[in-house]
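Encoded as structure tokens, the structure appears first; notes follow it.
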Amino acid sequence: MMKKYNFCAGPAPLSPEVYQKAAEALENFNDTGLSILEISHRSDAFLSILADCNKWVLELLSLENKGYQVLFLQGSASMEFARVPLNLLKTQAGYIDTGVWAQKAINEARKVGQVKIVASSEDKNYSYIPQGYHLPEQIDYLHCTSNNTIYGTQMNNFPDTNAPLVCDMSSDIFSRKLDFSQFGLIYAGAQKNISTSGLSVVIIHESLLSENVNIPNVLSYKQHFQHNGLYHTPPVFAVYLTWLNLQWLIQQGGVEAMEKINRQKAAMLYQEIDNNYLFFGTAQKQDRSLMNVCFRLVDENLSTQFDRFIESKNITGIQGHRYVGGYRVSLYNAVTLSDVEYLITCLKEFATEQS
Ligand code: PMP
């Protein structure tokens, strides 16, 4: 079969090696004669996978021995939009509004308590990251979105606050080095840089697990923690895929090595978008995302032709989010430099055809 170049925003591609190993485990997991789909989540084999995943997540984020716990939960980032306020919001929480996903998080928090929008970039269609805002004193936590998948903007620095910082890292976790210890809670839907959909990864500081909250057990971080992540059946296959993908990530040299390549990929593509007379980038330059490159055609009348051209080149997944239109190329960890080089060659070819 011809190689497909997939730049989908999510669910997003993982490395072919990961797919291959996952496919083998579907038929015969570790030579047990059983599929990974039919082993007990309480078996030694699965407990060891879960323990490795815990350890590797903390190692990759340099959070070992700093009081963080990792939970692999059934759900998605949207589930955490609800779980975060249910667990942490007592009176008022601060939220930074940088787009649709932040707004969805805000709407869920409003059902639980008061929400103070600390800053917003809605005035310019979320094309930038707000800076220089005032932080209220009395908040239970401050919520931000490190990478705005729909608008292609990314936070490069995070507010200095005494309140626990909660971050939705669904679309850029494991893609770059940060001081992760500045966050009280990090969460991510798994279907981009981690694994597959149906799983949320939550990294939470123990100080946020101390209180009992009167909410259903399945929504309580403390319950999941107290049951060592086995309060109920975790998404076994998604966790196994996480195990494979974290191993792949470690083999690549970890987050630091990944960041180096991710910066190269993004720089090359932005350069092409800026130099190619047919396109323009939509995010403000200083806040451009390394993960989601959003752009539009200068002449929208060319869109049908461009779409056909892209399809003929076996490129897929570059349509912009339905709320904003245009195009979006996602450059998650498994997208290679040569995939991006190929795409750039195609963009140049299209420009030559039009001239
Ligand atoms: N937050 C961010 C930053 C996202 O990119 C997405 C989805 N792509 C979500 C939240 C929602 O994720 P889910 O559909 O898994 O709930």
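Only residues that are within 18 Å of Leu209 (Cβ to Cβ) and part of a helix (DSSP H, G or I) were counted across the range 226-241, and they come to 1. Could you check the range 163-174 and list, in sequence order, the residues that are assigned to a loop (DSSP other than H, G, I, E, B), under 17 Å from the mean Cα position of the chain (by Cα) and more than 12 Å from the ligand (Cβ to nearest atom)? The answer is Phe174, and nothing else. The residue that is farthest from the chain's Cα centre (by Cα), counting only those in the range 281-303 that are among the hydrophobic types (A, V, I, L, M, F, W, C) and farther than 14 Å from Ser171 by Cβ, is Leu302.
Considering every residue within the range 260-277, establish whether at least one is assigned to a loop (DSSP other than H, G, I, E, B) and surrounded by fewer than 16 Cβ atoms within 10 Å (Cβ to Cβ). Yes, because at least one residue in the range 260-277 is assigned to a loop (DSSP other than H, G, I, E, B) and surrounded by fewer than 16 Cβ atoms within 10 Å (Cβ to Cβ). Pairing each residue of the range 327-355 that is in contact (Cβ under 8 Å) with a residue 12 or more places away in the chain with any residue that is surrounded by fewer than 15 Cβ atoms within 10 Å (Cβ to Cβ) and of a type in the set (S, T, N, Q), provided the two are 6+ apart or on different chains, yields C-beta distances under 7 Å for Leu337/Gln264.
Regarding Ser200, is this residue of a type outside the set (A, V, I, L, M), in a loop (DSSP other than H, G, I, E, B), at pLDDT 95 or above and within 12 Å of the ligand (Cβ to nearest atom)?
Numbers: of a type outside the set (A, V, I, L, M): yes; in a loop (DSSP other than H, G, I, E, B): no; at pLDDT 95 or above: yes; within 12 Å of the ligand (Cβ to nearest atom): yes.
No.
In this structure, Gln191 does not satisfy being away from the ligand (no atom under 15 Å from the Cβ) and either modelled with pLDDT of 95 or more or farther than 16 Å from His41 by Cβ (or both).
Does the range 149-162 contain any residue that is within 16 Å of the ligand (Cβ to nearest atom), in contact with a strand residue (DSSP E or B) (Cβ under 9 Å, 6 or more places away or on another chain) and in a strand (DSSP E or B)? Yes, some residue in the range 149-162 is within 16 Å of the ligand (Cβ to nearest atom), in contact with a strand residue (DSSP E or B) (Cβ under 9 Å, 6 or more places away or on another chain) and in a strand (DSSP E or B). When residues in the range 1-40 are screened for being of a type in the set (D, E, K, R), in contact with a Ser or Thr (Cβ under 7 Å, 6 or more places away or on another chain) and closer than 30 Å to Ser330 by Cα, 1 of them pass. Of the helices (runs of 4 or more DSSP H) lying entirely inside the range 13-131, not one carries at least 2 residues that are within 16 Å of the ligand (Cβ to nearest atom) and more than 23 Å from the chain's Cα centre (by Cα). If you go through the range 299-326 and keep only what is touching a residue at least 60 places away in the same chain (Cβ under 8 Å) and over 25 Å from Leu14 (Cα atoms), you end up with Tyr323, Val324. Within the range 318-355, the residues that satisfy the criterion of being under 22 Å from the mean Cα position of the chain (by Cα) and basic (Lys, Arg) are Arg322, Arg328.
The values are calculated or read from the model by the stated rules, or taken from the named source; none is laboratory data. Nothing here was measured: the structure is a model prediction, and the numbers come from that model. Using ideal geometry, Cβ is built from the backbone for each residue, glycine included, and neighbour counts are taken over all protein chains shown.
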